[in-house]
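Structure, as C-alpha cells:
Any read-out appearing in this document is the output of simple, stated calculations on the displayed coordinates, not a laboratory observation. Note that the structure is predicted; figures quoted are calculated from it, not measured. Cβ placement follows ideal geometry from the backbone for every residue including glycine, while neighbour counts extend to all protein chains displayed.
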Amino acid sequence: MENLPAIEVLSLHKAFGENRAVQGVSFEVGQGEIFSLLGPNGAGKTTTISMLSCLLRPDDGDARIMGHSIRSDGNGVKSALGVVPQDIALYEDLTARENLSFWGKMYGLRGSALKKRVDEVLDIIGLRERANERVGKYSGGMKRRVNIGVALLHKPKVIYMDEPTVGIDPQSRRNILDSVVALKDQGMTVLYTTHYMEEAQELSDQIGIMDHGQMIANGTHDELVKLVGGQTRIDLTVNAEPQRILGAWQSVEGVEQASVEDEKISLLVADSNLVLPHLFEAATRQSMRITSVDIREPNLEAVFLHLTGRALRD
Amino acid sequence: MIRILDIAFKDLLQLMRDFKTFMFLLLMPILFTFLFGYAFGGFGGNSDSRLPVGYLSQDNHWVTDSLHDLFSESDLISLRENVFLSPADLEQQVANGDLAAAIIVPHGYGRDVLKNRTDLRLIVIADTSSTAWTSVEAELLRITSRLDGAVRTATIIERIDSERMPFHYAFEKTLDAWNDPPIAVTETKSPAVAKVSDSGAALAHTAPGMILQFAIAGLLTAAQIIVTERKTRTLQRLLTTSTRRIDVALGHFLAIFLLLFTQFAILIVFGQVILKVDYFRVPEATVLVAVSAALCISALGLLIGFAAQSEEQAITFSLIPMFVFSGLGGAWVPLEVTGATFHAIGHVSPVAWGMDGFENIVARGLGFESVLLPSAALLGYALLFFSLAVWRLYASEEK
C-alpha cells in the first residue's frame, strides 16, 4: 500500500457528443505529492476531475485512487478522496457548523465522532468562533475555507481541489495556498487544478499541462522548463499595428517563435541580451517605436506557449 | 435510509428559514380561501348547503301543511318561501339558476289527496336537463309518496278500528314512522349544489381549491432549493460522497411531502374549525385524499426542481402548473358547472382528482369509498412525476 501510487490515470477518454473533452489522458501521482493540472479554460481539467470523482463515467480507460478503480469500485474511491469543487458548494442558509455536520453525515460520520470531527475541522479552517453564523453572511474567503473544510471531514487520503482560488482576494488566496501545503505536510495527496501558472509553480511536486483534452506535458517544474530549451519570453508593445513588425522580428537571429495576442507581441528567444538591440533596430527601420518591453525568464507560461503557440490565459 | 432523512431534515431547515415558505404555506391560502369564498357566496348567510327550492302554497288544507312540514325537514332541499312572489317570479328565479326548482301547491290539493283523487297535482318548475333536477325530483317523489302512503294507511286503519285509531292519529303515527325507517338510505347531494349562492357550499368548494392551488404554489420554494443545489454544484458534491442519486431524490421528495402535508393539515383544521367546512365528517377519507394529493404535488415539485436550470425557470415551471392545473382542475370554478366536455378535459389535471376527493367528502356528503378512485388517480400521477424527476436527475448529471 505504501508504494502504491495515490492516483493512477490510465488513458481516460470522455466525449460529449462531438466534443472530445478528454482524449487519452494518463498520469500518476505518488502518495503525499501535490500534482497540479494546468491548462486554460476548456482544456479538460474539470472533466478529468469529474471522472476521477466518479461523477462521470469514462468512455474508455480507467483510473485508480489508492488502488480503487473508478469503474468498478466507486464507493472505495469516494471513501478515499475529498473533493473541493470550483464553486462554493455549500448551503448558504445553514451555518458553517450545520454545513459541516450535514456533509459529515453524508460521508458516513455519526454521533460524537461527527461532533468531534466538525470541531477539529472548524479549528483547521480557523472558523470556530464564527461557526454558528450562516455561510451566506461570510466573505468569499471564509466560504472558500468552509468549502475546503467539508472535503477534510472524513480524513481522506487524496484531495481534489478544482481551481479553489478563482475570484477571491489575495489574502484569502494566500491562506488557501498555505493550507494546500499544510495538507501535503499531513501526508495527503493533492490533485490541484488551476489556470494560474504561479500557483502550479509554487505548490507542485509535479505538473501536468492539459490542452484540448490532452495531456501535452507532464513532469516537475524544472523538467517542463527544459522543454523550452531555457528560452526567455519577451512581450513587447509598439505604437503601430503589431502585424507590421512581426515578420521583421521573426527573422531576427535568436528569435525562435513569435506570436501576437491582444496587441502584444510575444517572442521566445535564446538570449534576450543579444536579441533586444536587433529588435529596436528593426522597429526603427519600420519607423515604429517600442512602447513597452517585458522580459520573462523561462516559466510554465513559456512552456505552454512553446507547446501550443498560445498563451495560457487564452 | 438514514441519508434520506438527513437530506430531508436539511431541506426542511432551509425552508423554515425562508419567509416566502411561510407566506405560501399559510398566509396566502387562508387569505385566498376567504377571498374566493366571499366571491362565490359571501359569509353573511347560514351554512345550509341544501338545494334551494321555491315553495308557493295556494291551499290551506291541513294535509298541505303536513306536506310543507315534510319538505321543511328534508336534508336535500331547502324551501325558499316568499308570499309576495308569483308563479311567474318563481319561474324566472329557476331560469336564473337562483333556485334548483319551484313547487306550487294548487288550491284543493290537500282535499284531493285525502280523497285519494289525482285530479290536482303539484306544479313543479325546473330545468329538467340539470343535474340538480334529478336530485330534487327524487326528493319530491319520496316526500309525496310518504304523504300519500300515510293517508292511505290511516284510511285503512280507521276503517278497521276507528275508535282506538282515529284517522288523524293514524296519519300522524304513520308519518312519524318514516322518521325511523327499517332501512337507512344514504342520500347524495347534487353536484349542482355548487351553483347555490350560499357560503357553506361556496367554502366547501373554495377551501379545498385553495389548499390544492397553494400547495402547488408552495413548490416554488422547494424547487428553488433543488435548483440552487445543482447550480452551486452542491448536488455534484453530494454525489462525490457515497450518497446515491436515488437517496438525493427521495430525501428532497420526503422534505417537500412533509412540508405540503403540514400545510394540508393546518388548512384542513383551519377549514374545519373556522370556516365550518366539514372535513372531519369522514376523517380517514380526508387523510387519504390529503396524503395522495401531497404525494402527487411533492413529486411534481421534485420534477420541477430537477427540470429547471435556473431560479427563473423554477418560477415559470411552478407558476404554469399552478395556473393550468388549478384552472383546468376546477380549483377556482367547479367543473360541474362547466359542461361535460370541459369536465372530462379537466380531469387531465391532478387537481381535478384532488377536488373530487375533497368535494366528495365536504360538499357531496359521500363516504370513504368515494375517495378511492380520486386517490388512486393522484397516486398514479405521483408515480409518473417521481419517475420523470428521477430520470431527469440521472440524465442531467451524466452530461
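At a glance:
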read-out	value
Rounded to 5, percent antiparallel among DSSP beta bridges of region B:51-188	30 percent
Alpha-carbon spread of region A:55-138, three principal axes, descending order, Å	46, 28, 18
Relative contact order (%) - chain B, alpha-carbon pairs under 8 angstrom, separation at least six	20 percent
Where GluC sites (Glu not before Pro) fall in DSSP loop in region B:313-387, at most 15 other Cβ within 10 Å	none
Length-normalised contact order of region B:51-188 in % [C-alpha pairs under 8 Å, at least 6 apart]	24 percent
Range of Cα positions in the protein assembly as shown per principal axis (Å), largest first	143, 63, 46
Separation of alpha-carbon centers, region B:217-245 and region B:126-177, rounded to whole Å	68 Å
Sequence-distant residues sharing a close amide H with A:Gln86 (under 5 Å, placed H)	A:Asp162
Nonlocal Lys pairs with alpha-carbon distance under 27 Å, chain B (8 or more apart, or different chains)	8
Semi-axis lengths, Å, region A:231-297, gyration tensor of Cα atoms, sqrt of 5 times eigenvalues	16, 13, 10
Between helix A:272-285 and chain A: long-axis angle, C-alpha atoms, 0 to 90°, nearest 10	50 degrees
10 Å Cβ neighbours from other chains, averaged over peptide A:88-94	6
Normalised convex hull volume, chain A, alpha-carbon set, Å³ per residue	153 Å³
Per-residue mean of C-beta atoms belonging to partner chains within 10 Å, peptide B:239-250	5
Formal net charge of residues neighbouring A:Asn299 (Cβ-Cβ distance under 9 Å; K, R +1; D, E -1)	-1
Dipole magnitude of chain A, debye to nearest 20 (Cβ charges: Lys/Arg +1, Asp/Glu -1, about Cα centre)	1280 debye
Close Lys-Lys pairs in region A:7-223, where close means Cα under 22 Å and separation is 8 or more or interchain	26
Nearest 10 degrees, 0 to 90: helix B:219-231 Cα axis against chain B principal axis	10 degrees
Peptide B:223-236 - average C-beta neighbours from other chains (10 Å radius)	3
C-alpha long axis of helix A:111-124 to longest principal axis of chain A, angle in °	30 degrees
Summed side-chain charge close to A:Asp162 - residues other than A:Asp162 whose Cβ falls under 14 Å, Lys, Arg +1, Asp, Glu -1	+1
Antiparallel bridges, percent of DSSP beta bridges restricted to region A:7-223 (to nearest 5)	55 percent
Relative intensity, log₁₀ I(q)/I(0), of region A:158-298 from a Debye sum that treats every alpha carbon as a point, q = 0.10 Å⁻¹	-0.49
Mean projection area, nm², convex hull over Cα of region A:1-142	10.4 nm²
Beta bridges by DSSP in the protein assembly as shown, antiparallel share as percent, to the nearest 5	60 percent
Counted charge near A:Asn175, where neighbours are those whose Cβ lies closer than 9 Å (Asp, Glu -1; Lys, Arg +1)	+3
Relative contact order (%) - region A:7-223, alpha-carbon pairs under 8 angstrom, separation at least six	31 percent
Exposure rule at most 10 other beta-carbon atoms within 10 Å, DSSP loop GluC sites (Glu not before Pro): chain A longest free segment	A:19-252
